[in-house]
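One structure below.
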Amino acid sequence: MLTRQSAEKIAEEPGYFCFNCGCYIDSDLAQQEGRGVCSACGTTVIREYLRPQNLLGNLAKKFSSVGNHNTPLTPEKLIYNYYGSLYYQQTGYPFEEVAVDKEKTGKYLVEVGYQKARASFKSYRTYIFFNVLIPEENGSFQEIDAIVVFGSMIYVIEAKNRSGMYSMNGLAEEYWDFESYDGEKAKVYNPLLQNNEHVAALQHYLRDKLDFEPFFFNFVSLAGNGTVNWNIPIDPLDELKLGCWRVTNNVSIEKTFTDDFGVFLQKMMAPGYDDGFPDYDDKYAQMILKAMEPVLNEPMEERDRKIAERESNKDDKGQRPYSYFFGMINGSVPILYRTNHVHSQVIYAYTGRWSSAYNVVNLGENGEPYLTDESATVEWSAINTEEDLRNAFLFVKNGNPQADGQASGYGDSAPNASISEFESMFFHGCNDLATLNARYKNLCKTFHPDGASGDEETFKKMQKAYESIKARL
């Protein structure tokens with residue numbers, strides 16, 4: 001019944017967004033050109049013939065062809081699939097409302113790719129949620145289009161539905177150039193930077209609700225056959241500013257999920273892997289879902305109301321520039337700190353990953369950061385240039401800012417440091433067993449010799465420091 005009603009309503013619309021690729025279909029133009037399919041993907045256009053009396057016959061054909069993988073993707077099948085989707089279950093939006101809204105279509109197409117990838121990993125439990133509002137301490141909130149949880153991994157997804165090409169000189173540039181396939185040009189705010197705030201908000205929200213730190217992915221999905229000109233140089237600042245990022249379109253989103261899940265599982269099953277830290281085990285996902293219950297259970301009507309209210313008076317667009325600071329703890333342990341006065345994060349020595357800075361580093365009234373642990377001292381310096389930021393990041397991540405030598409302004413990382421210095425280097429601020437174990441688990445993911453970025457010597461130093469502190473606690 002819903003399928004027939006929705007098809008009838010869409011047939012009366014001047015146009016809608018294709019539920020297979022996300023591109024806009026001008027129904028009148030398609031009819032004038034004698035074209036019965038979407039010009040981008042070939043899906044049949046919803047027209048007059050999709051009336052109730054004909055739909056019954058079409059649906060009968062659909063059910064008679066179950067199991068035939070060569071069956072064409074007909075409009076009624078797309079509509080039928082939509083009403084069985086998690087997106088519909090969670091939002092309650094009827095097909096005809098989503099089909100004429102490019103943003104909602106883009107979000108739904110994330111699930112289409114996710115479900116295809118999920119079919120390859122039926123033995124493992126994964127979860128997807130839509131339109132999640134994460135509260136912020138300034139009274140605002142971040143709207144996350146979709147969240148996928150797999151074990152300790154959280155994909156924070158920003159869905160864009162624009163047909164055209166994105167280009168830029170660097171991936172972390174504030175604005176990208178966009179040119180639609182019909183020639184229109186525009187400057188668009190970098191969706192990875194936009195989504196980075198969503199990641200920071202969720203990281204902040206979960207900071208005191210879990211005894212481990214999830215691994216976050218900054219994931220941008222481009223529906224409408226959006227593509228990116230990847231002819232750009234690789235820069236360490238991309239990793240620094242954007243985190244662990246992914247950019248894909250609706251054609252390859254299934255492959256992106258499948259590759260990520262497969263690589264993750266392969267690492268977890270490798271000989272010698274330490275199963276003491278977060279992995280694909282569903283117990284970690286359950287902890288995350290439990291911590292997120294208040295936002296996941298918020299009624300969709302209330303979420304829509306909040307979004308509409310903010311749109312009518314949108315002073316805070318979420319485009320908040322960060323200030324960066326480099327510090328040396330007790331003169332020997334490097335640390336990187338950033339804040340935009342809403343979210344604050346730190347990168348600890350040798351990790352390369354942003355962690356929540358709340359209750360670790362605060363910003364004073366004079367605009368200078370300070371450690372909440374008064375037993376340690378830090379010499380902070382503001383970072384004002386891209387080159388200094390790049391060098392500081394590489395130094396904190398690797399202990400060596402440049403492959404060919406030290407960069408000016410950053411000292412040696414004390415390779416002959418004592419056990420107490422390694423304790424400070426790896427576990428600064430870990431004053432209880434839960435915090436210590438959580439930090440240890442995350443460091444294991446970085447330094448375990450079997451990992452892609454593993455280093456045996458660093459892992460041994462970290463292990464000794466961990467055992468020393470654990471014995472005292």
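The values are calculated or read from the model by the stated rules, or taken from the named source; none is laboratory data. Because the structure is a prediction, the values reported are computed rather than measured. Every residue, glycine among them, receives a Cβ derived from its backbone with ideal geometry; neighbour counts consider all protein chains shown. Heavy atoms of the whole protein, side chains included, go into the accessibility calculation; ligands, DNA and RNA do not. Shrake-Rupley method; radii C 1.70, N 1.55, O 1.52, S 1.80 Å.
Each principal axis of the Cα cloud of region 144-303 was taken in turn, and the coordinate range along them, longest first, works out to 51, 45, 27 Å.
Where the accessible area of region 94-188 is counted over protein heavy atoms with a 1.4 Å probe, how much of it, in %, is carbon and sulfur?
Working: 1720 of 3810 Å².
Heavy-atom surface of region 94-188 belonging to carbon and sulfur, 1.4 Å probe: 45 percent.
What the Cα convex hull of region 303-397 gives, in volume per residue, is 132 Å³. Straight-line cross-link reach from residue 116 at under 16 Å between alpha-carbon atoms covers these aspartates and glutamates, not counting any fewer than eight positions away in the same chain: 254, 259, 260. Of the accessible area of region 4-43, computed with a 1.4 Å probe over protein heavy atoms only, carbon and sulfur atoms account for 40 percent.
Only loop residues by DSSP count here, and only those with at most 16 other Cβ atoms within 10 Å; note down the chymotrypsin sites (Phe, Trp or Tyr not before Pro) in region 171-230 that meet that.
Details: sites: 175, 176, 178, 181, 189, 205, 212, 215, 216, 217, 219, 230; in loops: 181, 212, 230.
Of the chymotrypsin sites (Phe, Trp or Tyr not before Pro), the ones in loops of region 171-230 whose Cβ has at most 16 other Cβ atoms within 10 Å are 181, 230.
Per the Debye formula with a single identical scatterer at each Cα and no solvent contribution, what log10 I(q)/I(0) holds for region 341-399 at q = 0.17, 0.28 Å⁻¹? Result of the Debye calculation: -0.65, -1.38.
Each semi-axis of the equivalent ellipsoid for region 94-197 is √(5λ) with λ an eigenvalue of the Cα gyration tensor; in descending order they amount to 26, 19, 16 Å.
Checking every one of the trypsin sites (Lys or Arg not before Pro) in region 280-365 against DSSP loop status and a limit of 13 other Cβ atoms within 10 Å picks out 314, 317. Surface listing: 240, 394 arranged by accessible area from highest to lowest gives 394, 240, probe 1.4 Å.
Ignoring ligands, DNA and RNA, what percent of the accessible area of region 295-401 is carbon or sulfur (1.4 Å)? Numbers along the way, then the final one.
On the way: 2200 of 5130 Å².
After summing per-atom areas, the C and S share lands at 43 percent.
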